[in-house]
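Working notes for the structure below.
The values are calculated or read from the model by the stated rules, or taken from the named source; none is laboratory data. The structure presented is a predicted model; accordingly, all values stated were derived computationally and were not measured. Here the Cβ positions follow ideal geometry from the backbone for every residue, glycine too, while neighbour counts run over all protein chains shown. With ligands, DNA and RNA removed, areas are computed over all heavy atoms of the protein, side chains included. Shrake-Rupley method; radii C 1.70, N 1.55, O 1.52, S 1.80 Å.
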Amino acid sequence: MISIPGFPERLDWVVAPATWAYADDGLTIGAGPRTDLFVDPADGTRYDNAPRLLTTVTGDFQLGARVRVEFVERYDAGVLLIWDTYERWAKLCFERSPAGQPTIVSVVNRGASDDANGWTVDGAAVWLRVSRTGRSFALHAAIDGRRWELVRHFALDGGGPVQVGFSAQSPVGAGCRVRVDDIRFSGTPPTGLRDGS
């Protein structure tokens, strides 16, 4: 278990990473080889071995953090994760695209996973944020950690408590290292989804 300031409960490894470390200045996650969380919409193949560190949250919230990834192979990523059930979850990724570019990527899973690329990022770090207001969830990203751009707004058809936290993945690679710091958790949702706040 890991206690992170601001979180209502300690976080637990649901799937253990290859390596990890936590200090006051942040969390480091080592994803092992061929690790992913995805349900292929083409044939239903499920990939479910990406390490994830989660805690249960009830009601509205927002979780933001700066995510740095030591990119090696395509699809290597650092992830903020919302987990409702085995069939319903969402992840916001800072991911290396097939073209080799750091990219904002989001996946919403409702039995099968969709896969939506956002924009590319000039650098090896970006701020990511996941939040809930009532029954809806939002994913945001920020280059400077202050002005947030909306990536996705959606529902998971649950409404009860969910688990939120961090993950890392290396679906086709030999592993990657992710650094998460400037972690901010609040029981208050963003004041607006499209105004940069």
Does Trp13 fit the bill of being in contact with a Pro (Cβ under 8 Å, 6 or more places away or on another chain), assigned to a strand (DSSP E or B) and over 29 Å from Asp122 (Cα atoms)? yes
What number of residues in the range 23-38 are open to solvent by less than 70 Å² (accessible area, probe 1.4 Å) and either among the aromatic types (Phe, Trp, Tyr) or closer than 14 Å to Gln169 by Cα (or both)? 9
Looking at the range 92-105, is at least one residue within 20 Å of Val15 (Cα to Cα) and either among the aliphatic types (A, V, I, L, M) or open to solvent by 50 Å² or more (accessible area, probe 1.4 Å) (or both)? yes
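Taking the range 117-153 on its own, how many of its residues are more than 15 Å from the chain's Cα centre (by Cα) and more than 19 Å from Thr103 (Cβ to Cβ)? Don't jump to the end; show me each part of the working.
Narrowing the range 117-153 to residues more than 15 Å from the chain's Cα centre (by Cα): 119-124, 133-136, 143-149.
Narrowing the set further to residues that are more than 19 Å from Thr103 (Cβ to Cβ) leaves 133-136, 146.
The number of residues fulfilling the criteria is 5.
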Filter result for Gly145 (assigned to a loop (DSSP other than H, G, I, E, B), touching a residue at least 40 places away in the same chain (Cβ under 8 Å) and of a type in the set (Gly, Ala, Ser)): yes
Scanning the range 56-91 for residues that are part of a strand (DSSP E or B) and basic (Lys, Arg), the one most open to solvent (accessible area, probe 1.4 Å) turns out to be Arg68
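Taking the stated definitions as given, is Phe154 under 13 Å from Gly64 (Cβ atoms) and either assigned to a strand (DSSP E or B) or open to solvent by less than 40 Å² (accessible area, probe 1.4 Å) (or both)?
It is false that Phe154 is under 13 Å from Gly64 (Cβ atoms) and either assigned to a strand (DSSP E or B) or open to solvent by less than 40 Å² (accessible area, probe 1.4 Å) (or both).
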